[in-house]
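Take a look at the structure set out below.
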Amino acid sequence: MNRKTINILIGGPAGAGIESAGLLLGQSLNREGASVFISNEIMSLIRGGHNYNRVRFSFLEPVLCHDETVDIVVALDKDSFAEHLSQLREGGVFVYDKSLEGAATGAGGSTADGVDAPGVKMMPVDLVGTAKELGGEIYKNTVALGVVLGLMGEPLEYLEKMIRDKFGSKGAEVVDANIKALRAGAGFVSEVHFELERGDKFEEEMLLNGNDAFCLGAVAAGCKFVAAYPMTPASSIMHTMAAWGRKKGIVMKHAEDEIAAMNMIVGAGFAGARSMTCTSGGGFALMTEAVGLAGCAEVPCVIAESQRVGPSTGLPTRTEQGDLRQVMHASQGDYPRLVMIPGDVAECYSMGFDAFNLADKYQIPVIVLLDKYLSESIVSISGDHFGTEGLEIDRGKILDSSGASAASEEGFFKRYAESEDGVSGRTLPGTEKGEHVTTSYETDEFGEAVEDRENRVLEMNKRMRKMDGLLAELPEPELVGASADEAEITFVGFGSLKPVLEEVLTELDVKANILLIKHAVPFHSEKIEVILKAANRVILVEQNFSGMMGGVITENTGFKFDEKILKYDGRQMDSEFIINKLNSL
Amino acid sequence: MTELTDLQTKTNPNWCPGCGDYGVQAAVKGAIVKAGLKTSEVVISSGIGCGSKIPHWVKCYGFEGLHGRPLPVATGIKLANPELTVMAIGGDGDGYGLGMGHLIHSMRRNLDITYVIQDNQIYGLTTGQTSPTSEKGVRTKSTPEGAIEIPVNPIELGLASGATYIARGYAGNLPHLTSLIEGGLKHRGFALIDVFQPCVTFNKVNTYEYFNSRVYTLEDDESFVVAGPGDPDARCEASRRGREWGDKIPIGLFYREERPAYGDEEAALKESKPVDVPDKVVDIEELKSSFM
């Protein structure tokens, strides 16, 4: 049967190499010219449990996001039967290890395999036995990949080359065994099951996730100081920056806790480095006081906050958009800040870069809000999205010795001198004549702690004035899809729902468009109000319980949402979910 | 050459008359001068508390951050620009209470930072509660029936945590304190300098009279030799002296060890430092290729 897009799911216990197998498959398909999206669902444990990896790809149309409905399941454990059999599209194939033959009992039904799954081909394969003959059970995933390629009539050469590239360092024996395993797997398939429709090759030579893209942006921007504490799904940012440390002169300090990490980047920012940290909601909660410190002391720094499911430990390896309010309101008092929300991998790069310029220019903490789905899902994309041409480093108002003298009175430097745009020139430690104190207290222009009323109002106004310039320079929100006049539906969302909503537009029968909110603080209230009040039908789509962004929009514009599609089970909604919900609204 | 007058700030301290912090301020200034440091190349990171206001009254670069967090800020500054001389200064509540975790980790890291703890065994700015170094049984606003916990022992804590310069000074002995701080500034590694700093308003027990009649300097005690890790007996002796309390309380340098400072072994600092932010966008082509 013909398919434009194929979605493959590999399910098994943690520690069984599910993720590596998915990545290997995705990479080889990508090298063959496919557009690929790889998503991972894992449990918070090291061994056991049930994890799965999905590789969705097409040689014909761009693949933007995941799909809950799959075409091929490779089951390496019993749980896969209960979890994934029902997710197969009609005509799908359920490949499972022979040893799990009896495992289907309880999954319901009465076919030869003990499973009732009409329209689905059940395919038991001796994955483990074959692997053991080739030298060990470890090769069973490769046997399974051979089966998968066989079902699609795909050549093995791309994956064989991947195997040589990846396992070459482990020796010829490992490479040979894997290649034999792959061929043996393909040999189990007697006839091609899926005919793939093909177009021109996709020029999407890079495969990376949102965290990777954010790191590329940070490095391009000259970030050379990272302090962080591990927390899913942000950890890979610290791993990546650490791995690049020696080559790019990046100090990555694994701090004793998130409080230390945040205070360290404030110290490094004060010293003059472009500094950042990364964490998730729980870690950010610990950082909160020092985020306010950066706001008060006017120290530039960048925080990547990748959301997972809260409250508290919640579902630590699943996705949600529930930290919006936390980052918008973190810490006591009013202070200027920027909250940026990339929606896809390309935006993770561009916002990752811009964050450092804006932090320096406005001397504020900048929060880049990610989530597990965006941080960890891997997409194929053209390297053109990660260009550096036209980008510039803007360090804002940093004064040298003579600049400091000019901004001094009786030999004392005015670190917080009054200024029209609210931003005062700063000197970096080491600069002569620029000595001053930066403090968490309210201060006068010199940085001296004073408590008089007039000064307090003056300083508050000075700091908050930065938000005007910042808002004016942030790009205004734009509708994606049908024009405002034509669209019957306007979807409103933010962050990682971007590609999912874009897919919805391609599948809907009616004309629709999307309003994506990319900046939560400061907020383009006027523009958003105009767009929403002119829209025919507005539907809020969020991956959280309360529709947090909807609430933010309402309080800023007065616009109320009558129709909402919300999901908070820890798994990213797909386009089918949105369309089904839309039909029942 | 930096002179004492160069360290004069726009304002003068507002501590209570007689506060031990005046002694600490004078010693810090004296140590900067004696160590021959330029005011623009010294950074003092402090926390919150009476003593943590000190950056306002020693003219150099200062960062008065959050309660308990002077060390992480100092760490960021030092790792961002290792050429700076970085001091952290804060009280006993700040360092041994809220900031205890940072203190232990900073010591094992052996960051090249001099940390002066103004130890008055009481919370002053919050008007008199028990502190981590308050003696057992002390009655304060938060312990009206007397403190139940035993105090932290900074000297033994430093030994156990891997600090490489461990000293105790007294705000009532300025020349001695100045030389301890000067030694800390010159030491390449983490210097922990606990300072008896009487709070004249809220601590009526550990007063100048209390310390004047008890402290003796280790430097004047011929039976005490400062030694590093190669001499386990001396290390035990440092620990024994650290526990000495009562009629006789030692001040001075308890322990010193030469060990590479954290920054010396950080691969990313071999060729550049994080404050060297390039003027132009950094080339990422090679990094991009790792995703192809």
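Tabulated results
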| quantity | calculated |
| --- | --- |
| Residue-averaged 222 nm ellipticity for chain B, from DSSP H runs of 4+ at -39500 (n - 2.57), nearest 500 | -8000 deg cm²/dmol |
| Cβ-derived FRET efficiency at R0 25 Å, B:LYS34 paired with B:ASP231, nearest 0.05 | 0.35 |
| For region B:1-45, the Rg and Dmax computed from alpha carbons only, in angstrom | 11.2, 32 |
| Cα convex hull of region A:185-325, projected area averaged across orientations, nm² | 13.3 nm² |
| Antiparallel %, DSSP beta bridges [both residues in region B:1-134], to 5 | 5 percent |
| Cα-Cα pairs of region B:1-87 separated by more than 18 Å (percent) | 42 percent |
| For region A:479-584, radius of gyration divided by Kirkwood radius, i.e. Rg to Rh on alpha-carbons | 0.93 |
| For A:ASP394, net neighbour charge (Lys/Arg +1, Asp/Glu -1) across residues whose Cβ lies under 9 Å away | 0 |
| Cα-based equivalent ellipsoid of chain A: semi-axis lengths in Å, sorted from largest, via gyration tensor | 49, 27, 20 |
| Square roots of five times the Cα gyration tensor eigenvalues for region A:2-196, Å | 23, 20, 16 |
| Helix A:575-584 vs. chain A, principal-axis angle (Cα, 0 to 90°, nearest 10) | 90 degrees |
| Within chain A, helix-based [θ] at 222 nm, where runs of 4 or more DSSP H residues each add -39,500 (n - 2.57), nearest 500 | -11500 deg cm²/dmol |
| Selected from B:PRO151, B:PRO198, B:PRO17 as most flexible by GNM, with chain B as the system and alpha-carbon contacts under 10 Å | B:PRO17 |
| Overall dimensions of region B:4-289 as given by Cα atoms, namely Rg and Dmax in Å | 19.3, 70 |
| Per-residue mean of C-beta atoms belonging to partner chains within 10 Å, peptide A:423-436 | 5 |
| Ellipsoid semi-axes in whole angstrom, largest first, where each is sqrt(5λ) of the Cα gyration tensor of region A:401-473 | 21, 16, 10 |
| Beta bridges per DSSP with both ends in the protein assembly as shown, % antiparallel, nearest 5 | 30 percent |
| Calculated FRET efficiency for the pair A:ASP384/B:GLU286, C-beta based, R₀ 25 Å, to 0.05 | 0.90 |
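Every number here is computed from the coordinates shown, using simple stated rules; none is lab data. Treat the numbers as computed from the prediction; the structure is a model and nothing was measured. Note that each Cβ is placed from the backbone with ideal geometry, even for glycine, and that neighbours are counted across all protein chains shown.
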